[in-house]
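The values are calculated or read from the model by the stated rules, or taken from the named source; none is laboratory data. On a predicted model such as this, the values are computed, not experimentally measured, just so you know. Here Cβ is always computed from backbone atoms with ideal geometry, including for glycine, and neighbour counts include all displayed protein chains. Remember, those area values only see protein heavy atoms, side chains included, never the ligands or the DNA or RNA. Shrake-Rupley method; radii C 1.70, N 1.55, O 1.52, S 1.80 Å.
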Amino acid sequence: GGDARARGAIGDYFYRGEIVERDPVTARKWFATAAAGGEADSMFNLAAMMARGEGGDTDLPRAWALMKIAGANGHPTADAGVTALEAKMSPEEREAGKALLTARN
């Protein structure tokens, strides 16, 4: 019915394979929908999937930007996720992530 937390829960079901068969592509789509609705857990989960290339392409700059936003929205471990991502990113990828945040504001 449009609730971002409910959409995130559906993504979680598909990611974990609970109630439905595990499907990372579908999970990523549901997390993206919930993240667009401002749901911090889904932002974090989507970022983690993007960082690992689960259910779609790897996208470290976008994953980094989502982690930053998740942290700003109160996700408790997003800062640790940002730090972990930064260790894997090139300077160019970091700049691209910063540009995504700037474009969002």
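Would you point out the residue of the range 56-89, among those that are of a type in the set (S, T, N, Q) and under 14 Å from the mean Cα position of the chain (by Cα), that is surrounded by the most Cβ atoms within 10 Å (Cβ to Cβ)?
At the first step, the residues of the range 56-89 found to be of a type in the set (S, T, N, Q) are 58, 73, 77, 83.
Those still in the list that are under 14 Å from the mean Cα position of the chain (by Cα) too: 58, 73, 77.
Working: 58: 13, 73: 15, 77: 12.
Across the range 56-89, the extreme among qualifying residues is 73.
When you check residue 60 against the structure, is it in contact with a Leu (Cβ under 7 Å, 6 or more places away or on another chain) and under 24 Å from residue 3 (Cβ atoms), yes or no?
Values: in contact with a Leu (Cβ under 7 Å, 6 or more places away or on another chain): yes; under 24 Å from residue 3 (Cβ atoms): no.
No, not satisfied.
Given the condition loosely packed, with under 12 Cβ neighbours inside 10 Å and closer than 19 Å to residue 30 by Cα, answer yes or no: does some residue in the range 90-102 qualify?
no
In the range 25-44, how many are in a helix (DSSP H, G or I) and open to solvent by less than 40 Å² (accessible area, probe 1.4 Å)? Spell out the reasoning first.
The first filter runs over the range 25-44 and keeps only residues in a helix (DSSP H, G or I), leaving 25-36, 40-44.
Restricting the remaining residues to those that are open to solvent by less than 40 Å² (accessible area, probe 1.4 Å) gives 26-28, 31, 34-35, 40, 42-43.
Total meeting the criteria: 9.
Limited to the range 58-105, what total is found for residues that are over 17 Å from residue 42 (Cβ atoms), at pLDDT 95 or above and of a type in the set (Val, Ile, Thr)?
Residues meeting the conditions: 2.
Could you please find all residues in the range 59-76 being assigned to a loop (DSSP other than H, G, I, E, B), over 14 Å from residue 38 (Cβ atoms) and either in contact with a helix residue (DSSP H, G or I) (Cβ under 7 Å, 6 or more places away or on another chain) or in contact (Cβ under 8 Å) with a residue 40 or more places away in the chain (or both)? Quick ask: steps written out before the conclusion?
Going through the range 59-76, the residues assigned to a loop (DSSP other than H, G, I, E, B) turn out to be 59, 73-76.
Remaining after also requiring over 14 Å from residue 38 (Cβ atoms): 59, 76.
The one that is assigned to a loop (DSSP other than H, G, I, E, B), over 14 Å from residue 38 (Cβ atoms) and either in contact with a helix residue (DSSP H, G or I) (Cβ under 7 Å, 6 or more places away or on another chain) or in contact (Cβ under 8 Å) with a residue 40 or more places away in the chain (or both): 59.
Please enumerate the residues belonging to the range 12-24 that are outside any loop (DSSP other than H, G, I, E, B), without any contact (Cβ under 8 Å) to a residue 24 or more places away in the chain and open to solvent by less than 80 Å² (accessible area, probe 1.4 Å). Explain how you work it out, then say what you get.
So in the range 12-24, the residues outside any loop (DSSP other than H, G, I, E, B) come out as 12-16, 24.
From what is left, the residues that are without any contact (Cβ under 8 Å) to a residue 24 or more places away in the chain are 13-14, 16.
Matches in the range 12-24: 14 only.
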